[in-house]
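These notes are about the structure you will find just below.
The values are calculated or read from the model by the stated rules, or taken from the named source; none is laboratory data. Given the structure is predicted, the values throughout are model-derived calculations rather than measurements. Positions of Cβ are generated from backbone atoms using ideal geometry, with glycine treated the same way; all protein chains shown enter the neighbour counts. All accessible areas refer to the heavy atoms of the entire protein, side chains included, with ligands and DNA or RNA removed. Shrake-Rupley method; radii C 1.70, N 1.55, O 1.52, S 1.80 Å.
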Amino acid sequence: MSIASIVLAALAGTWILAYHRANGVAWTAGLVALSAAVTFATGAPPWLYGIFWVVTAAFGAFAIVKPLRSAIVTKPIFGIYKKILPQVSQTEQEALDAGSIWFDADLFSGRPDWKKLLKYPEAKLSAEERAFIDGPVEELCGMLDEWDITHNRMDLPPEVWKFIREKGFLGIIIPKEYGGLGFSAFAHTEIVTKISTRSGTAAVTVMVPNSLGPAELLIHYGTDEQKNHYLPRLAKGLEIPCFALTNPEAGSDAGAIPDVGIVCKGMHEGREVVGIRLTWEKRYITLGPVATILGLAFKLFDPDKLLGGPEDIGITLALIPTTHKGVNIGRRHIPLSAAFMNGPNWGKDVFIPMDWIIGGEKQVGHGWRMLVECLAAGRSISLPSMSMAAGKLGSRATGAYARVRSQFRTPIGKFEGVEEPLARIGGYTYVMDATRRMTMVALDSGEKPSVISAICKYHMTERMRQIINDAMDIHGGKGIMMGPNNYLGHGYGNVPIAITVEGANILTRSMIIFGQGAIRCHPFVLREIRAAGENDLRAFDAALWGHMSFTVSNAARSLWLGLTGGEGVNVPGTPETRRYLQMMTRFSSAFALLSDVSMFVIGGSLKRKEKISARLGDILSMLYMASATIKRFHDEGRQKDDLPLVTWGIYDSFFKLQVAMDGVLANFPNRFVAAWLRLLVFPKGLTLDAPNDRLGSKVAEILLTPGAARDRLTAGAYLPKDENDVIGRLDAAMLAVIAADPIEARMRKAQKEGKLPQRTLGERRQAALASGLITQQEHDHLVYTDRLKRDVIKVDDHEHDLGRAHREEAWPQSEAKKKALAASI
Ligand SMILES: Cc1cc2nc3c(=O)[nH]c(=O)nc-3n(C[C@H](O)[C@H](O)[C@H](O)COP(=O)(O)OP(=O)(O)OC[C@H]3O[C@@H](n4cnc5c(N)ncnc54)[C@H](O)[C@@H]3O)c2cc1C
């Protein structure tokens, strides 16, 4: 046997063992085979094959005899690991521990289980939920006029407040046993999405009580007494809740709030009781100005040890009636172009009894964990639903407008320059909706997927920003002039709100997605950290060696799958999507390798290397969103008409993923390691392209053409059929324009042939009618189309004082008005 063939066999064996994540016994067996081949088949001198056998014996001893390995190799590493493990504060630890992991863990594994992905159930509404959406939600949308709300009233009309409260909109998540609607997460997002397509103000008003706030906190942590008292009242809208965490000093760093509570004795309802003396200052609090109960987060101290525990107890949450003595509800903030209630509140030395703490005395100090646990689920509903509304309405309205509006005698949607943003609107909307649907499956199966919810919050609100910008560009001046005819301007104004709340986006991308993902989803990192915390050498040994095998395997897999592009990987699915799943297996391996090497080389300072962490988070996010896209296509019965959307979405995700990987490598601090990583991750270079122009045209065409694909893409938006409605008339105009096209083409041809006068349009039409070129019905249709087109392109004009005098007369901001408002809720 030649030496070359042994070297080749050794390399192949190494690769096979690494690729399949072989255990220590298998690696030892491989080394035995190699040593035997060197000994018996090469005529090597004894000293040489002796070395092989010594190495094999040493490796086998360490790999198989775990106590030996543990004592000699793992123990010193354990010592170093414990020293370099970055200090994690209690609030950081609680945030890291919050929620659960789901398919994100598969994507971190380098070998995702695609069968599992395709087997997850499909997000579906129950008959009762469907009826609520087709009934009260539809009715509510019909009552909403965002221009009147934001421009004239700066509030929802009283009848809308009444409707929202009485129909249970404030109790979507409250279980039925407490009088709430008890709906699924999917129904919840469908409701918020639909309302958001009509009014951001109403959507936020409904969203907040159903998001992180008193109801959610009470459901999970409240005492029976608190639940029985508050939940039925919240469900019926008898109480308006708000939740106050943000302090002027502490926004993103909410764990650092300076608001304090001191455990002390005080008088409550005529008796001396142990309670808390609270001092706080909060701002930006949604529904704060009209709230009847205030959920409050503060840091609790017990200097006199009245509770018998530590002095510094930690973040604690309480529910305080806003009528309680000392509670100051301030004036209103104006959140850009929306008019939902938002404002500051504060109190100084306000005494409350202990049983106002959410969950009672046993929950003191657990406030941060309670908040991050609830946020782990809620973050994937509220703002993602608002983003979905931008996608659905953006696709529907912009497609119709771009078909109806002509310039240079061509519908503007047919210009290549306009096709590009149209394709982005359509492609993003499909992927966002896929992501939302898949995430709701996780939520409705009881998961609180904290990393996935951060992915949804960040990427869906960022795409909302892009979609609205694109839609504004395509609408030109029509999107800019405010008034009842502008259906985009308010959404444009709401973008920064969605970007900022429930975890500001820069922070979410830079710190949370990968920071939390790497620890929660990685198959070994959390086990290593826990073992170090519990000083458990045995557990650390198992995790460490598992981790090493995992990294070696991902290096081998990344290289091989990079060379083959994933071809040949056994994946489920259908001909349309199988290739994508193979490619994603490759990316998952490469991502797992990049994550591991980044954590190993950059270590604890990865927390401060936010740009690297953000890009790693982008890779995970693109893998998740592409997985959701494929799942949606399968769930919806592989709709052929949707293929351009699916393909565009997948290519776009892959390209973004490649940019992120390239960015990690280009900025990796250790250039030597970066060079090796690049070889393993991109052995053939950067081979992926963004969606091409032809594909973009096909996506744009879906938005520009009435049909099933456009209807599926925009399902769930509020789409009135009424031609007098700004949205309703868009579709009517689009259909009319399309029906008018062949008539106008006939007339153009006749005109070119000199058969019609060249003068005014009216004259030409009359001549065409008189000559029998068009029928009376066709003539009438052209006139009708003209009227609709005029209505669609129309923008508002206002009095010179912009209606100020009239507004003051109709809606005086007097004390009486404020009292009437308070009485109405
Ligand atoms: C309309 C609206 C409604 C709200 N409703 C409520 C409510 O009902 N209850 C409530 O308690 N709060 C509410 N908030 C507050 C909201 O949660 C905060 O605005 C948010 O936490 C950000 O805090 P900040 O505005 O002080 O920004 P800052 O914390 O000052 O952040 C400014 C910028 O710095 C970035 N940043 C901060 N730290 C980091 C970091 N480590 N790495 C990278 N970037 C970082 C942020 O991403 C952001 O871009 C609301 C806010 C708004 C605007």
Legend entry - Expected 222 nm ellipticity per residue - DSSP helices of 4 or more, -39500 (n - 2.57), all of the chain, to 500: -18500 deg cm²/dmol
Legend entry - region 533-671, relative contact order in percent, only Cα pairs under 8 angstrom and at least six apart counted: 21 percent
Legend entry - Normalised contact order of the chain, rounded percent, pairs of Cα under 8 Å and 6 or more residues apart: 15 percent
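Could you give the dipole magnitude of the chain about its Cα centre, charging the beta-carbon of Lys and Arg +1 and that of Asp and Glu -1, in debye to the nearest 20?
The calculated dipole for the chain is roughly 1880 debye.
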Legend entry - Globularity ratio of region 108-150, using Cα Rg and 2.2 N^0.38 Å: 2.11
Inset, instruction - Hand me the GluC sites (Glu not before Pro) from region 485-581 located in a DSSP loop with no more than 14 other Cβ atoms within 10 Å, in residue order please. - result: Glu534, Glu567
Inset, instruction - Can you spot the lysines whose alpha carbon is less than 19 Å from Lys698's alpha carbon? Ignore those fewer than 8 places along the same chain. - result: Lys392, Lys414, Lys640
Legend entry - Dipole of region 131-289, positive end: most advanced residue of Val274, Asn210, His220 [Cβ charges, Cα centre]: Val274
Inset, instruction - Figure the gain on full extension for Asn670 and Leu735 (residue separation times 0.36 nm, minus the Cα-Cα span) and round it to one decimal in nm. - result: 17.5 nm
Legend entry - Which of Val726, Val783 is most accessible, then next, and so on - probe 1.4 Å: Val783, Val726
Legend entry - Stretch gain in nm, segment Ala715-Ser445, where the contour uses 0.36 nm per residue and the Cα spacing is subtracted: 94.8 nm
Legend entry - Accessible area (Å², 1.4 Å probe, nearest 10) - Thr197: 10 Å²
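Magnitude of the Cβ-charge dipole of region 519-579, K/R +1 and D/E -1, about the Cα centre, nearest 20 debye? If you can, show how the numbers build up before the last one.
Numbers: 7 positive and 6 negative charges, 28 e Å.
Value, rounded to 20: 140 debye.
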Legend entry - HN-Hα J in Hz across region 393-408 - Karplus 6.51, -1.76, 1.60, θ = phi - 60°, x for Gly and Pro: 5, x, 5, 5, 6, 6, x, 5, 4, 5, 7, 7, 7, 10, 9, 6
Legend entry - Candidate aspartates and glutamates - alpha carbon under 19 Å from Lys82, same-chain residues fewer than 8 apart omitted: Glu92, Glu528, Glu534, Asp536, Asp541, Asp596
Legend entry - Percentage relative contact order, region 282-403, counting C-alpha pairs under 8 Å, at least six apart: 26 percent
Legend entry - Calculated FRET efficiency for the pair Glu177/Val25, C-beta based, R₀ 56 Å, to 0.05: 0.55
Legend entry - Three-way shape call for the chain based on the alpha-carbon gyration tensor, with the a/c threshold at 1.5: oblate
Legend entry - Dipole magnitude of region 331-443 about its Cα centre (Cβ charges: Lys, Arg +1; Asp, Glu -1), debye to nearest 20: 500 debye
Inset, instruction - Return one whole number: the accessible area per residue of the chain in Å², for a 1.4 Å probe. - result: 43 Å²
Legend entry - Probe 1.4 Å - accessible area at Phe132, Å² to nearest ten: 20 Å²
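To the nearest 0.05, how large is the calculated FRET efficiency for Arg759 and Ala708 if R₀ is 56 Å and r is the Cβ-Cβ distance?
Efficiency computed from Cβ-Cβ geometry: 0.85.
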Inset, instruction - Summarise the accessible area of the chain (1.4 Å probe, protein heavy atoms) by the percent that is carbon and sulfur. - result: 58 percent
Inset, instruction - Taking the dipole about the Cα centre of the chain, with the C-beta of Lys and Arg at +1 and of Asp and Glu at -1, give me whichever of Thr322, Leu300, Leu537 is farthest to the positive side. - result: Leu537
